[in-house]
Amino acid sequence: MTGATVRLEGVRIGLGDHLVLSDVSLVIPAGSFLAIVGPSGVGKTTLLRALAGTVPLREGRLSIERPQDGSAPQVAFVFQEPRLLPWLRTSENVALVAPGRSASERRQRAYAALAAVHLPERAFSAWPRQLSGGMAQRAALARALVTEPDLLLLDEPFSAVDALTRLRLQDYLLELWERFGFTAVLVTHDVDEAVYLADRVVLLGGRPATVQESFAVDVPRPRDRGDARLAALRARVLGALDREAGEPIAAASGQ
Amino acid sequence: MALQRLSASARDEPLSRTRRERVPTGKLTRWVVPWIVPALIVAGWWGIVAAGWIPSYQLPPPQTVLRTSREMIAQGELLAHLVATLQRLSWGYLLGAVPGIAFGTLTGLSPTLRRAVDPTVQGLRAIPSLAWVPLFLLWFGIGEQARVLLIALGVFLPVYFNVLAAISGLDWRLVEFAQVYRLGRWRTLRFVLIPGALPGVLTGLRAGLSLGWMFVVAAELIAASSGLGFLLVEGQSTMRPDRVLVALLSFGVLGKLSDSVLARIERVVLAWRETIGSVQEAEATP
Ligand SMILES: Nc1ncnc2c1ncn2[C@@H]1O[C@H](COP(=O)(O)OP(=O)(O)OP(=O)(O)O)[C@@H](O)[C@H]1O
Ligand SMILES: [Mg+2]
């Protein structure tokens, strides 16, 4: 897996008779890390689902390509909640989607993936409902990784875990991204998380939503969370988000 | 929960003593307590009859019932009736549960079919199912076939409703997971749809079983020359309350046994729901 290139051109998506996204154009280079921010309900999840192929486009073009060959790219999704199958043990959940000819090979890969996200070994054979929120989300991350994705989609994956666990999971994610080289698209409400992890942060806004602004994060890795450049960028993104969320009021007072 | 209670009550005692003493007492209590009420009932029953408050031709004392049941077992009579009842119930259960699962699944999976069929079925549901009995007798006569079909009807309805609810109540988020990870039809069915619907299906099967017993009695009360229900009617018409009681007790024992078989299956199959403890997080720094 070396990462897929994603191209969106003039994409328009509706749910029911409600137009959610319109004229979305984006290029996500192979192996890059993109963060998407935007007000609640703007259509971030919808955009990820379109990338995963579970929501049809009304208009426009979407292509996900592996640069080396034309073969079908592998897309994996980490949902907002762990979404493990409650009737399979943790390792079985991962083995279910693992590639491999034999059951034992899939199990081996599942163990390796769970180890890669630093899940304690005694949690491997636990039922999902026995796991803490952070452990379950790690298992979900392992399940996505075991498929050897070219494109990894993450929908607010760490929003339900405590602050310390969140920082740790962010570092695991970064470590895995550097190791495996997949293209990552992360939806998040946490602007700190966005600027710390991503190469680029895009802001979705408007109704129907489109890409309002795009911020390049030109800070080399490994990054320091306290880096002044990150702090400055964070302030800019927050400012843009604020304008986006408070649009009607700002427009009324400004004109 | 039991664990919590134990540790709470044991808090002010030395741990080692608690461990040694509580466990056997607890075990003994567990085995003895459930038998206290039945023992009291039998004693009361015996007392009432012995005191002559109820004449023994209406309520024979426990020892008479015991003797009668021993005779009936010795002559093979009880077994014959038991077998007849169980046979009917098994056929009826099979003929009710299988279509119940099949139709419930189909209606659950297809919204169109659900809109077409479900209001009608829900409407029919308002009729207490025993009210169908006379119509059934009119249509199918009073033969063995009619009895089995009647039981099948009683089993079908609760199985159908529960399966339908289980299938249409499946977590769409897990279905989306299956889609995104391209599990394909077979694995989606095997790992997502079936296990997701299983709790509801098992609830339906248990409800179907208890209705099945009800309908066996109905069928045998009305028209039969064998079976435990027949034994009830016959005991009544020949003024043999002891035989009626033997039949009643047999129903009780069989009903309980068959339900615990299903309950056991449920516990094994749904082990993932029964978990209490959680895996503690001990963060090892990488
Ligand atoms: N199945 C659906 N049918 C119709 N409308 C929907 C459906 N799902 C979502 N929507 C609408 O589409 C819009 C975008 O939803 P989406 O879930 O993509 O938002 P989001 O940006 O992910 O929000 P959040 O940050 O709260 O997760 C919302 O206005 C929502 O009401
Ligand atoms: Mg969302």
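The values are calculated or read from the model by the stated rules, or taken from the named source; none is laboratory data. Not measured: the values here are computed from a predicted model. Methodologically, a virtual Cβ is constructed for each residue, glycine included, from the backbone with ideal geometry; neighbour enumeration extends over all protein chains shown. Calculation scope for accessible area: heavy atoms of the full protein, side chains included, ligands and nucleic acids excluded. Shrake-Rupley method; radii C 1.70, N 1.55, O 1.52, S 1.80 Å.
At R0 = 22 Å, how high is the FRET efficiency between B:Gln87 and B:Leu270 if r is their beta carbon distance? Nearest 0.05 is fine.
So, using R0 = 22 Å, E works out to roughly 0.15.
Kindly report the accessible area of chain B per residue (heavy atoms of protein chains, probe 1.4 Å, no ligands, DNA or RNA), in Å². Don't skip to the end; give the middle numbers.
Details: 17430 Å² over 286 residues.
About 61 Å² of surface per residue is accessible.
Can you bin chain B into rounded, prolate or oblate? Criterion: square roots of the alpha carbon gyration tensor eigenvalues sorted a ≥ b ≥ c, rounded for a/c under 1.5, prolate for a/b above b/c, oblate for the rest.
oblate
Highest first, please rank the peptides B:93-101, B:259-267 by the mean number of other Cβ atoms sitting within 10 Å of their residues.
B:93-101, B:259-267
Spelling out what I want: for every residue of the stretch B:76-85, take phi, set θ = phi - 60°, compute 6.51 cos²θ - 1.76 cosθ + 1.60 (Karplus), and round to whole Hz; glycine and proline get x.
Each residue of the stretch B:76-85 in turn: x, 5, 4, 4, 4, 5, 4, 4, 4, 5 Hz.
So for the protein assembly as shown, taking the charge dipole from beta-carbon charges (+1 Lys/Arg, -1 Asp/Glu), which of B:Leu221, A:Ser104, B:Leu183 sits furthest toward the positive end?
B:Leu221
Would you please give the FRET efficiency between B:Arg240 and B:Ala263, computed as 1/(1 + (r/R0)^6) with r the Cβ-Cβ distance and R0 = 30 Å, to the nearest 0.05?
Efficiency at R0 = 30 Å is approximately 0.30.
Work from the charge dipole of chain A (Cβ charges, +1 for Lys and Arg, -1 for Asp and Glu, about the Cα centre) and give the residue of A:Val20, A:Ala235, A:Leu151 farthest towards its positive end.
Looking along the dipole axis, the top candidate is A:Leu151.
Just tell me how shielded B:173-180 is by partners: mean number of partner chain Cβ atoms within 10 Å of each residue's Cβ, no decimals.
For this peptide, the per-residue mean of nearby foreign Cβ atoms is 6.
Taking K and R as +1 and D and E as -1, what net charge do the other residues with C-beta under 15 Å from the C-beta of A:Leu8 add up to? Don't skip to the end; give the middle numbers.
Details: positive: A:Arg7, A:Arg12, A:Lys44, A:Arg49, A:Arg58, A:Arg61, A:Arg200; negative: A:Glu9, A:Asp23, A:Glu59, A:Glu65.
For residues surrounding A:Leu8, the net value is +3.
What is the log10 of I(q)/I(0) for the stretch B:51-106, computed with the Debye formula using one identical point scatterer on each Cα and no solvent, at q = 0.13, 0.30, 0.31 Å⁻¹?
So the normalised log intensities are -0.59, -1.04, -1.06.
Counting partner chain Cβ atoms within 10 Å of every residue's Cβ in A:81-88, what's the average?
5
What is the packing order of peptides A:134-142, A:30-38, taking the mean over residues of other C-beta atoms within 10 Å and listing the highest first? Mind dumping the intermediate values first?
Working: A:134-142: 26.3, A:30-38: 23.0.
Answer by packing, highest mean first, reads A:134-142, A:30-38.
Please work out the Cα center distance from the stretch B:144-220 to the stretch A:3-71, rounded to the nearest Å.
After rounding, the separation between the Cα centres reads 39 Å.
In the protein assembly as shown, what percent of the accessible surface is made up of carbon and sulfur (1.4 Å probe, ligands and nucleic acids excluded)?
Whole-percent figure for carbon plus sulfur exposure: 61.
Between A:Ser104, A:Ser25, A:Ser91, where does the largest GNM mean-square fluctuation fall for chain A, given springs only between Cα atoms within less than 10 Å?
Ranking A:Ser104, A:Ser25, A:Ser91 by mean-square fluctuation puts A:Ser104 first.
Treat every Asp and Glu Cβ in chain A as -1 and every Lys and Arg Cβ as +1, leave all other atoms uncharged, and give the resulting dipole magnitude about the Cα centre to the nearest 20 debye.
620 debye
Before we go on, tell me the buried accessible area for the A/B pair, both chains summed, 1.4 Å probe, in Å² to the nearest 100.
2800 Å²
State the volume of the convex hull built on the alpha-carbon positions of chain A, expressed per residue in Å³ and rounded to an integer.
Numbers: hull volume 36.5 nm³, N = 255.
In chain A, the Cα convex hull volume per residue is 143 Å³.
Using only alpha carbon pairs under 8 Å that are at least six residues apart, calculate the relative contact order of the stretch A:1-86 and give it in whole percent.
That works out to 36 percent.
Before I look further, what does chain A give for accessible area per residue, probe 1.4 Å, in whole square angstrom?
43 Å²
Just want the answer: with Cβ charges of +1 for Lys and Arg and -1 for Asp and Glu, which residue in A:Gly206, A:Trp127, A:Thr2 is farthest toward the dipole's positive end in the protein assembly as shown?
A:Trp127
Defining a contact as two alpha carbons under 8 Å apart and six or more residues distant in sequence, what relative contact order in percent does chain A show?
Result for chain A is 26 percent.
For the stretch B:131-286, what class follows from the C-alpha gyration tensor (a ≥ b ≥ c being the square roots of its eigenvalues): rounded when a/c is under 1.5, otherwise prolate if a/b is larger than b/c, else oblate?
Here the stretch B:131-286 falls in the oblate category.
Dipole magnitude of the protein assembly as shown about its Cα centre, charges +1 at Lys/Arg Cβ and -1 at Asp/Glu Cβ only, in debye to the nearest 20?
1320 debye
Dipole magnitude of chain B about its Cα centre, charges +1 at Lys/Arg Cβ and -1 at Asp/Glu Cβ only, in debye to the nearest 20?
In total the dipole reaches around 540 debye.
Using a/c under 1.5 as the rounded threshold, could you call the stretch A:40-129 rounded, prolate or oblate? The axes a ≥ b ≥ c are square roots of the C-alpha gyration tensor eigenvalues, and prolate needs a/b larger than b/c, oblate otherwise. Could you put the intermediate results ahead of the total?
Numbers: a/c = 2.77, a/b = 1.55, b/c = 1.78.
It comes out oblate by the Cα gyration axes.
Can you compute the modelled spin-label distance between A:Arg12 and A:Asp242, with each label point 7 Å from Cα toward Cβ, in nm?
3.5 nm
Counting only other chains, and only Cβ atoms inside 10 Å, what mean value do you get across the residues of A:140-150? Kindly include the intermediate steps, with their values, before the conclusion.
Values: counts 1, 0, 0, 2, 2, 0, 0, 2, 0, 0, 0.
Mean number of neighbouring Cβ atoms from other chains: 1.
Run the simple label-point estimate for B:Met214 and B:Tyr57 please: 7 Å along Cα→C-beta, distance reported in nm.
The two pseudo-label positions are separated by 3.6 nm.
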